[in-house]
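Derivation of every value follows stated rules applied to the coordinates shown; laboratory data play no part. What you are looking at is a predicted structure, and each value in this text was computed from that prediction instead of being measured. With ideal geometry, Cβ positions are generated from the backbone for all residues, glycine too; neighbour counts draw on all protein chains shown.
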Amino acid sequence: MDARDKQLLRSLRLELCTEVLVDGIVIQYLYQEGILTDSHVQEIKSQTTSQRKTMMLLDILPSRGPKAFDTFLDSLQEFPWVKDKLMVKRKEMTVQDPAGKARI
């Protein structure tokens, strides 16, 4: 996952926790697509509240490879407004390149 997507997930963390229920299709889709392992799914399901489950997923996602963010977007079929918001914010964000200049 690139730096822009990691920053995006971090900046919308609390909002995502209130708007997304990961317990159903979201984690099953991410598991099916190989983003999450069986142990990740068990770790997420073991959390006591929906918010904690979402936070756990957001903790795991950044380390799951270059396809993790796009696959996460695909998993949000039940939450089209969240997917749209993430896509809009993603386009708005800039990433600092090594020379320190903003790049779009």
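Of 45/89; 45/91; 45/83, which ones are farther than 25 Å apart at the Cα? All intermediate terms of the calculation are to be shown ahead of the outcome.
Numbers: 45/89 28 Å; 45/91 32 Å; 45/83 22 Å.
As for pairs spanning more than 25 Å Cα to Cα, those are 45/89; 45/91.
Taking the dipole about the Cα centre of the stretch 1-52, with the C-beta of Lys and Arg at +1 and of Asp and Glu at -1, give me whichever of 3, 35, 50 is farthest to the positive side. Result: 3. Modelled label positions at residue 47 and residue 28, each set 7 Å beyond Cα in the direction of Cβ, lie 1.9 nm from each other. Remark: the chain carries a charge dipole of roughly 400 debye about the Cα centre, counting +1 on each Lys and Arg Cβ and -1 on each Asp and Glu Cβ. Could you tell me which of rounded, prolate or oblate describes the stretch 28-84, using a ≥ b ≥ c as the square roots of the eigenvalues of the alpha-carbon gyration tensor, with rounded for a/c under 1.5 and, failing that, prolate when a/b is larger than b/c and oblate otherwise? Judged from the Cα gyration tensor, the stretch 28-84 comes out oblate (a/c at least 1.5, b/c at or above a/b).
The H on the amide N of residue 22, modeled in the peptide plane, is under 5 Å from the matching H of 54, each at least 5 residues off or on a different chain. With label points built 7 Å along Cα→Cβ from the Cα atoms of residue 77 and residue 2, find their separation and express it in nm. Result for the modelled spin labels: 2.7 nm.
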